[in-house]
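Have a look at the structure below before the remarks.
The values are calculated or read from the model by the stated rules, or taken from the named source; none is laboratory data. Because the structure is a prediction, the values reported are computed rather than measured. For neighbour counting, all protein chains shown are included, and Cβ atoms are generated from backbone atoms with ideal geometry for every residue, glycine included. Each accessible area value is taken on the protein alone, full model and side chains, heavy atoms only, with ligands, DNA and RNA left out. Shrake-Rupley method; radii C 1.70, N 1.55, O 1.52, S 1.80 Å.
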Amino acid sequence: MMSHRFPRTSILLATTTCLFAANLLAADKKAPPPKPANQYVTFDAHPNEHVTVAADPCDDPKDCDFFRLPYIQHGMLPIRVIFTNDSDTALSLDDARIQFISINNDKIPAATDDDIQRRLFSTKGTAGRKIPLPMPLPPITVHDKPVDKQITKDDTDFGFNGTTVNPHSTLAGYLFYDVRQLDDPALKGAELYVKMVHTVDGKKQLFDFNIPFDKWLAAQPGATPTPKPTNPSE
């Protein structure tokens, strides 16, 4: 079973706020179709394994306005992760670990639906109601509503639609990372670390992938060019 947002974690909602109502307009919008991983700004290619993994962050809500909810405004960074398998063997992401590594080496796993709901909605409602039982039994917790449908719909429409990367194909999906506590910009000096990708038969585990984000930042409009080092002899 995959970690991160791949599994459909059962989570609960207590309070819906009209702050998010306008985002229902995004329901009919589509994410751009994924390209082969090596066509993105930031990727890590393994020529011997014939596999490339790319990461395409969205740190501006205007660039990913197809989402139904304002994740970025609440400290959740969407990153589209793209796997391109040019080999003749299918790959499995069932055990894959995809971590955001900050410049200070904070290791942040992809958020579950549970994590996202706690961030976007009332923590009081998420905790549920306590119903006392006769002593010595402990109280039980009752949750009034299931996970907000906008979160599950975004997961269905824009997340990974499977865990198998077939030969000569590309599989992509958005994952969300809680970067609220990181210095701004959170992508500076950070990287996406992907490990435990293996062939479907389990006989081979691929080498880890490291995808730095500084190159992506440098490619954004208005980015300050990195100064070239001066030659002391000149």
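Checking each residue in segment 106-127 for being surrounded by fewer than 16 Cβ atoms within 10 Å (Cβ to Cβ) and at pLDDT 90 or above picks out Asp106, Lys107.
Output the residue which, of all residues in segment 145-171 that are open to solvent by 40 Å² or more (accessible area, probe 1.4 Å), closer than 15 Å to Asp114 by Cα and not in a helix (DSSP H, G or I), is modelled with the highest pLDDT. So, considering only residues that are open to solvent by 40 Å² or more (accessible area, probe 1.4 Å), closer than 15 Å to Asp114 by Cα and not in a helix (DSSP H, G or I), the one modelled with the highest pLDDT is Pro146.
All of Ala14, Ala90 fail the test of being modelled with pLDDT of 95 or more and touching a strand residue (DSSP E or B) at 6+ places or on another chain (Cβ under 9 Å), apart from Ala90. State yes or no: is Lys188 open to solvent by 50 Å² or more (accessible area, probe 1.4 Å) and under 19 Å from Leu91 (Cα atoms)? When the stated conditions are applied, Lys188 does not pass them.
If the requirement is being over 18 Å from Phe176 (Cβ atoms), out of contact with any Pro (no Cβ under 6 Å at 6 or more places or on another chain) and at pLDDT 95 or above, which of these qualifies: Asp28, Asp56, Asp44? So the residue among Asp28, Asp56, Asp44 that is over 18 Å from Phe176 (Cβ atoms), out of contact with any Pro (no Cβ under 6 Å at 6 or more places or on another chain) and at pLDDT 95 or above is Asp44.
Scanning segment 147-173 for residues that are of a type in the set (A, V, I, L, M) and under 13 Å from Tyr71 (Cβ atoms) yields one hit, Ile151.
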